[in-house]
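Structure, as structure tokens:
The values are calculated or read from the model by the stated rules, or taken from the named source; none is laboratory data. These numbers were taken from a predicted model, which means no experiment stands behind them. Counting neighbours? That spans all protein chains shown, and the Cβs are built from the backbone with ideal geometry, glycine included. SASA here: full protein model, heavy atoms, side chains in, ligands and nucleic acids out. Shrake-Rupley method; radii C 1.70, N 1.55, O 1.52, S 1.80 Å.
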Amino acid sequence: MNKDQVYSLHRVYRKVLDAMARPGTIQSLSEEAAMIRLDLGCLPAAQCLIQLLLDADTTFCAFSADEALERKISQLTYCPIRPMEKAAYVLLTKSVAAALPSVMEQVSGGTLEDPQLGATLIVECSALKSGGELVLKGPGIRDVTRCQIETRAGWIEARAEKNAEFPLGVDLIFVDPQGQILCLPRTTQISKEAETWPM
Amino acid sequence: MNEHINFAFFDEGSKREIRRATLKAVAIPGYQVPFASREMPIARGWGTGGLQLTLSCILPEDHLKVIDQGSDESVNAISIKNLITSTTGVQITQDTEQATLIQSRHRIPEVPLSAGQILVLQVPTPEPLRSVEPSERLTKKLHAEAEYSGAWLMLFEQIMKYGRMATGADHPVRTAGRYVMAPSPIPKFDNPKMDHSEALILLGAGREKKIYAVPPYTSVVSLDFEDAPFEAESFEGKKCSLCGAEHVYLDEILDADGTVRYQCNDTSYCMNRRNRREEN
């Protein structure tokens, strides 16, 4: 790993940390994503996250229409592949976005003694926007914050069910093709609401 | 900056381990995430947990402030700063407002923290129930069941013995309404600064191998009883003998002739006030 990559990962981490601490805010990894030369078959920003988080000391699984993706990630990071129920990190590419609710149901939500074993899901979506129909509340948010996540429907209900019993649950990192990321830790409550009330 | 050492001292694998644990800690406020704590070139118990957090997230353009019991210039603070600057080349500052990353032992600065800052606290004993339950396996179970009578009992016994809650520092808090957490040995005076803080607060215990966090705008409530409310140290009627500040955390200083005077514990806060006075 050369010096530029080391600096780049520090920047990626600081942005992910900030995004996780302030759910619903958007951070851009586009500069760091532009430095990536190897095409694994997922979004470059998702690849930044893979290089930030995965190595031989953790586990992952990947869902994609491209079957080679999982093997390529494992070869790049030395991270062992595990079945979805046991993986610490689960990647869903845009091609299988519709599977998010059922994946969410099956991945690990941790245990009451070790809630950190709840999975982190890295999910590719079409677009992330601040402001919008999703109203977020919880730690890291002053009053409420709004955002829009363009992906297939049904995941909000599945997530609410998975995260119903805090501290159990899953943490989500959404990634879009512009290199933006948005985090939804398990503490964030989501409600859907039109931006302005019709008078 | 030493070019023969990797940026921010650690190898990339160590950083990944610390980063994974930290992200989970932020997602589960107040929960102590176990992690593979690294050996450091300073002794355990001297801030290795805080250092690991700082080094894992530092950026070359950061302005770093390191304080030890309110002082920017104590031996511990200087050694930590030397290690960090020699491996990252970051700018050091004493000014709280200018700092983007603050590592601290036993104090939260007097100047309110802002959204662009991260506060890293060094923690010797992360487990608030340790004094009532020596077994780690059992304290993990108590946290799982949110069974915190031990913490309440400890405070109750203090009231029975001393007539008030006698925690000098590290008064336990409840974070986001769920986990009881050790706020690190900050004085009770600083506990309220954690509640709905604008800055992200990361806590690291190197020897005990735990990382935990308080995200911004998160409720942090000091444990107390309806009829024995939480009270921070009071410095009513006292002020700093150097800068005249009131309503700050003061050190009591006994002069050679036996007179008692008070001085700001936060040295950079005190110095800024005196500099400003001189300018005017």
Among residues of the range A:133-152, those that are away from chain B (no Cβ under 11 Å) and crowded, with 19+ Cβ neighbours inside 10 Å, counted: 5
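Considering only residues that are assigned to a strand (DSSP E or B) and over 30 Å from B:G177 (Cβ atoms), look in the range A:122-140 and name the one that is nearest to the chain's Cα centre (by Cα).
Result: A:E124.
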Pick from the range B:248-271, criterion open to solvent by 50 Å² or more (accessible area, probe 1.4 Å) and in a helix (DSSP H, G or I), ranking: farthest from B:H106 (Cα to Cα): B:M271
In the range A:91-109, the residues that are within 14 Å of chain B (Cβ to nearest Cβ) and open to solvent by 20 Å² or more (accessible area, probe 1.4 Å): A:S108
Filter pass, B:G50 being buried (at least 24 other Cβ atoms within 10 Å of the Cβ), more than 9 Å from chain A (Cβ to nearest Cβ) and either assigned to a strand (DSSP E or B) or of a type outside the set (F, W, Y) (or both): yes
For B:P29: the one exception among (1) surrounded by 24 or more Cβ atoms within 10 Å (Cβ to Cβ); (2) more than 8 Å from chain A (Cβ to nearest Cβ): (2)
Exclusive hit being within 13 Å of the chain's Cα centre (by Cα), among the basic types (K, R) and at pLDDT 95 or above, set B:R137, B:R107: B:R107
Members of the range B:53-77 that are within 14 Å of another protein chain (Cβ to nearest Cβ) and aliphatic (A, V, I, L, M): B:L53, B:L55, B:I58, B:L59, B:L64
Hits in the range B:99-122 (condition: open to solvent by 20 Å² or more (accessible area, probe 1.4 Å), of a type outside the set (S, T, N, Q) and within 14 Å of chain A (Cβ to nearest Cβ)): B:L113, B:A115, B:G116
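A quick yes/no check of all residues on (1) more than 12 Å from every other protein chain (Cβ to nearest Cβ); (2) open to solvent by 30 Å² or more (accessible area, probe 1.4 Å); (3) under 18 Å from A:D171 (Cβ atoms):
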| residue | (1), (2), (3) |
| --- | --- |
| A:Y7 | no, yes, no |
| A:M35 | yes, yes, no |
| A:D39 | yes, yes, no |
| A:A62 | yes, no, yes |
| A:A68 | yes, no, no |
| A:Q75 | yes, yes, no |
| A:I81 | yes, yes, no |
| A:K86 | yes, yes, yes |
| A:Y89 | no, no, yes |
Per-region count, the range B:11-35, residues in contact with a strand residue (DSSP E or B) (Cβ under 7 Å, 6 or more places away or on another chain), in a helix (DSSP H, G or I) and not aliphatic (A, V, I, L, M): 2
Residue check, B:L23 within 30 Å of A:G110 (Cβ to Cβ) and at the interface with chain A (Cβ under 10 Å from one of its Cβ atoms): yes
Criterion (crowded, with 20+ Cβ neighbours inside 10 Å and either farther than 25 Å from A:A19 by Cα or touching a residue at least 40 places away in the same chain (Cβ under 8 Å) (or both)) met by exactly one of B:T125, B:T96: B:T96
Extreme residue, nearest to the other protein chains (Cβ to nearest Cβ), among residues of the range A:110-125 that are open to solvent by 60 Å² or more (accessible area, probe 1.4 Å) and touching a residue at least 24 places away in the same chain (Cβ under 8 Å): A:L112
When residues of the range B:159-197 are limited to those that are of a type in the set (F, W, Y) and more than 19 Å from A:T187 (Cβ to Cβ), the one least open to solvent (accessible area, probe 1.4 Å): B:F189
Qualifying residue in the range B:154-166 (condition: modelled with pLDDT of 95 or more and in a loop (DSSP other than H, G, I, E, B)): no
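For the range B:32-47, give me the residue count where each residue is in contact (Cβ under 8 Å) with a residue 12 or more places away in the chain and either within 16 Å of the chain's Cα centre (by Cα) or more than 14 Å from chain A (Cβ to nearest Cβ) (or both).
Here the count works out to 8.
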Residue in the range B:81-91 that is touching a strand residue (DSSP E or B) at 6+ places or on another chain (Cβ under 8 Å), closer than 20 Å to B:R273 by Cβ and hydroxyl-bearing (S, T, Y) present: no
